Amino acid sequence: MELYNLAEIIHILKEKEISLFTLDDFARIFNIKNKNTLYKKIQRLEKKKIIKKLVKGKYYFVFNRPDDFLMANFLYYPSYISLESALSFYGVITGFPYRITSISIKKAKKIIVDNKEFSYSKIKNELYWGFEKKDKFLIAEPEKALLDYLYFASKGLVNLDLDDFDLKTLNKKKLFLYVLKFKEKKMLKIIQKKIL
């Protein structure tokens, strides 16, 4: 095991462009085999405000703060950016929501980091699709983000006002094909009446 001082750790994390990591990642990067040594090193870095704990076993490097969307994917896995955050990203709704909204197949959850809320809504396994990698994060395609939103609106979990949405950029054919996969009559009616 090599022993790295704080300056070397900072240099290596910067050089490798690492912003987010788990305890296992850190142990692998710095070749630390002993758990006790690993925890002591992590505690020391936290105390010196070089890294910040996000949730149990997950950290970010303060000199290379990650993008909020990348952090959202990392905090709760598996997940992808959707709903208001994705709709705002694509310009379907104006303004940027205070919270970062994601979809997961795990239970719904809220995580607060640096006064920012990361919100995860649970969706059925068979509806966990329609996302892609942009930059380094996973985000719903615009059509799927809208359908995810309509899905939760049809369940009464979010308010629906499509008048505030700019739907011109959406691929109507893809939207229709995607809504059929949801097998929700209420959603199909909304799409046919308001969009197609």
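Some points to look at:
- Among the residues making up the range 23-51, a single one is within 29 Å of PRO97 (Cα to Cα) and in contact (Cβ under 8 Å) with a residue 40 or more places away in the chain: ILE50.
- Qualifying position, being surrounded by 15 or more Cβ atoms within 10 Å (Cβ to Cβ) and touching a strand residue (DSSP E or B) at 6+ places or on another chain (Cβ under 6 Å), among ILE111, ILE190, ILE195: ILE111
- When TYR128 is tested against (1) surrounded by fewer than 18 Cβ atoms within 10 Å (Cβ to Cβ); (2) aromatic (Phe, Trp, Tyr); (3) in contact with a Lys or Arg (Cβ under 8 Å, 6 or more places away or on another chain), exactly one condition is not met: (3).
- Among the residues of the range 137-183, the one identified as among the β-branched types (Val, Ile, Thr) and more than 18 Å from GLY95 (Cβ to Cβ) is VAL179.
- Of all residues in the range 24-33 being surrounded by 11 or more Cβ atoms within 10 Å (Cβ to Cβ) and of a type outside the set (Lys, Arg), the one that is nearest to GLU8 (Cα to Cα): PHE30
- Within the range 148-187, the set of residues being of a type in the set (A, V, I, L, M, F, W, C), open to solvent by less than 30 Å² (accessible area, probe 1.4 Å) and in a helix (DSSP H, G or I) comprises LEU150, PHE152, ALA153, LEU162, LEU175, VAL179, PHE182, MET187.
- Evaluated against (1) among the β-branched types (Val, Ile, Thr); (2) touching a strand residue (DSSP E or B) at 6+ places or on another chain (Cβ under 8 Å); (3) open to solvent by 20 Å² or more (accessible area, probe 1.4 Å), ILE123 falls short on exactly one condition, (3).
- Residue in the range 92-105 that is farther than 17 Å from PHE137 by Cα, open to solvent by less than 50 Å² (accessible area, probe 1.4 Å) and in contact (Cβ under 8 Å) with a residue 60 or more places away in the chain present: yes
- Residue check for LEU54: in a strand (DSSP E or B), of a type in the set (A, V, I, L, M, F, W, C) and closer than 28 Å to GLU141 by Cα: yes
- Qualifying residues in the range 1-48 (those that are basic (Lys, Arg) and more than 16 Å from VAL62 (Cβ to Cβ)) - the one nearest to the chain's Cα centre (by Cα): ARG28
The values are calculated or read from the model by the stated rules, or taken from the named source; none is laboratory data. All values derive from a computational prediction rather than experimental measurement. Ideal geometry is used to build each Cβ from the backbone, glycine not excepted, and the neighbour counts take in all protein chains shown. SASA here: full protein model, heavy atoms, side chains in, ligands and nucleic acids out. Shrake-Rupley method; radii C 1.70, N 1.55, O 1.52, S 1.80 Å.
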